[in-house]
Structures are given as C-alpha cells and as structure tokens.
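This report refers to the structure that appears directly beneath it.
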Amino acid sequence: MPDPWANKLREKMRRISRNMTATPLACAVLLLAGCCCCGLNSPTYSPNWSPTPRPHIQNLTDADFDSAVLRNGKPTLVDFWAPWCGPCQMVDPAFVEVAEEFNGQLNFARVNVDENSELAGRYRVWSIPTLVMFHNGELVAQHEGVPMSADQSVEESTRAWVVQQLEELE
C-alpha cells in the first residue's frame with residue numbers, strides 16, 4: 001500500500017523544483033529539512049487543518065495577490081501556510097491576534113502554498129510558515145518558521161517582529 005505522506009512529499013518536491021530555480025537535489029534537502037519540524041508528531045497536529053477565518057484577513061490566490069498586496073498603499077503582512085504544516089497551526093493564533101491588534105495600520109492576508117505555488121516560488125518561500133511584509137509593492141521583510149524566543153511566547157514574538165517591521169517602515 002502506498003504511503004500517503006511519501007506521495008505528498010514527492011508531489012511537493014515536484015512542485016518546488018518546478019517553481020524554484022534550485023536544483024532538484026537542493027529542493028529535496030530543503031524539503032527533508034523542513035519535514036523534521038513539520039509537527040507530524042505533535043498531539044495537536046491535524047492534516048486537514050485550515051486557518052481561523054477572520055473578516056479582516058484575506059485569503060489570496062495567485063490571481064488576486066498583485067491587486068490586493070502589491071498595488072495597495074498600506075503595508076500588508078502575508079502568512080504563507082499549508083494545511084499539513086504543524087508549525088503553521090502554531091502560528092495561526094498569533095497571526096490572528098496580531099491582525100486584530102494592528103487592523104487599520106496593516107492589511108493581513110494568507111496564501112496557501114499548496115494551492116498557490118507560483119507565489120511561493122516568486123517570493124522564494126522555502127519553508128513554512130513564512131511571514132512576509134510588503135509595502136508599496138515591495139517585499140520589505142520576511143520571517144521563516146515559528147517566531148519565538150526563549151523568553152517570549154509565539155504571540156509575543158510575532159507581535160515584536162511586526163512592531164519592529166512597522167518601526168523600520170517609518
């Protein structure tokens with residue numbers, strides 16, 4: 001019987017190598033390195049997870065990304081995620097909290113990399129979750145992985161990163 005995780009891994013590697021300028025070997029190394037922390041062993045991991053819907057967080061696609069993010073005068077924070085990603089599930093409550101706190105100062109959006117691989121390739125999203133800040137049509141900051149530090153929660157670290165990016169924009 002074929003292993004569904006192995007099939008998913010092979011498909012993801014094909015998608016990455018098709019959309020990235022990296023060699024297939026480099027894609028395999030990145031993919032396997034990312035799988036070490038994918039959360040599959042986490043007791044809260046759910047393979048069919050989707051982020052918490054909020055009216056002030058847009059779900060974007062390859063088709064509407066440019067108009068919603070790049071042609072927008074307001075800074076926009078984009079969360080690149082996938083339904084099978086355990087760390088993405090960890091970041092979601094922090095992203096929602098930051099979106100509620102900074103609603104009005106920033107726009108917030110999500111991109112499912114499995115469904116919108118062109119965007120992941122364009123912005124070199126090598127691992128997820130990845131938070132990307134855009135302003136005036138330009139990528140101004142990018143954070144890969146779960147924002148955390150020894151003395152702060154994921155929520156506090158995510159907020160601190162957003163505050164730092166906003167200060168640098170001023």
Please list, ordered by chain and number, the residues whose modelled amide H lies under 5 Å from the amide H of Gln58; skip anything fewer than 5 residues away on the same chain.
Phe108, Ala109, Arg110
For region 97-170, what % of the accessible area comes from carbon and sulfur atoms, probe 1.4 Å?
40 percent
With label points built 7 Å along Cα→Cβ from the Cα atoms of Val140 and Leu70, find their separation and express it in nm.
1.8 nm
Rounded accessible area per residue of region 47-170, 1.4 Å, Å²:
46 Å²
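For Glu170 and Asn59, FRET efficiency with R0 = 22 Å and r from the beta-carbon atoms, rounded to 0.05?
Rounded to the nearest 0.05, the efficiency is 0.15.
The values are calculated or read from the model by the stated rules, or taken from the named source; none is laboratory data. Owing to the predicted nature of the structure, the values given are computational and were not obtained by experimental measurement. Don't worry about glycine lacking a Cβ; one is built from the backbone with ideal geometry, like all the others, and counts go over all protein chains shown. Heads up: the accessible areas ignore ligands, DNA and RNA and are worked out on the full protein's heavy atoms, side chains in. Shrake-Rupley method; radii C 1.70, N 1.55, O 1.52, S 1.80 Å.
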